Amino acid sequence: SIDFLVAVKAGDLKTTEAILIKKPSAIVSKMRTDRHESAIHLAVRNADYAMLKYLREQPHSDFDTGDIDEESPIIEAIDAGNFELTKFLVEECHVDIHHRE
């Protein structure tokens, strides 16, 4: 549902949780924007640590998936110059820094 991506982009953790309670996360994890960005891409763009922690706990969350340009969420963090977020993705979310799409 587009509502899921809107909630993630807005940083609305309460609504995100409510949607995931109603829908299997395996389906939700496949939802993408028109640029093929995942919910994780959106949370990284907002440096939303609470959302990233929540998404990390969901089955089928893929922190290594690419967008339309084949850029993974960690590339967004690196391109933004956000060292703390990059470190968080590697250490807390176990992002594979050697992953290639």
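The values are calculated or read from the model by the stated rules, or taken from the named source; none is laboratory data. As the structure is a prediction and not an experimental result, all values here were calculated from the model. Reconstructed Cβ throughout: ideal geometry from the backbone, glycine too, with neighbour counts over all protein chains shown.
Pull up the stretch 1-35, narrow it to residues that are part of a helix (DSSP H, G or I) and among the basic types (Lys, Arg), then point me to the one that is surrounded by the most Cβ atoms within 10 Å (Cβ to Cβ).
Result: 9.
For (1) buried (at least 20 other Cβ atoms within 10 Å of the Cβ); (2) in a loop (DSSP other than H, G, I, E, B); (3) polar (S, T, N, Q); (4) under 10 Å from the mean Cα position of the chain (by Cα), each residue gets a yes or a no:
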position	(1), (2), (3), (4)
37	yes, yes, no, yes
40	yes, no, no, yes
43	yes, no, no, yes
52	yes, no, no, yes
55	yes, no, no, yes
60	no, yes, no, no
66	no, yes, no, no
71	no, yes, no, no
76	yes, no, no, no
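In this structure, is residue 97 of a type in the set (Val, Ile, Thr), part of a loop (DSSP other than H, G, I, E, B) and modelled with pLDDT under 90?
yes
Restricted to the stretch 11-35, and to residues that are under 13 Å from the mean Cα position of the chain (by Cα) and aliphatic (A, V, I, L, M), which residue is modelled with the highest pLDDT?
13
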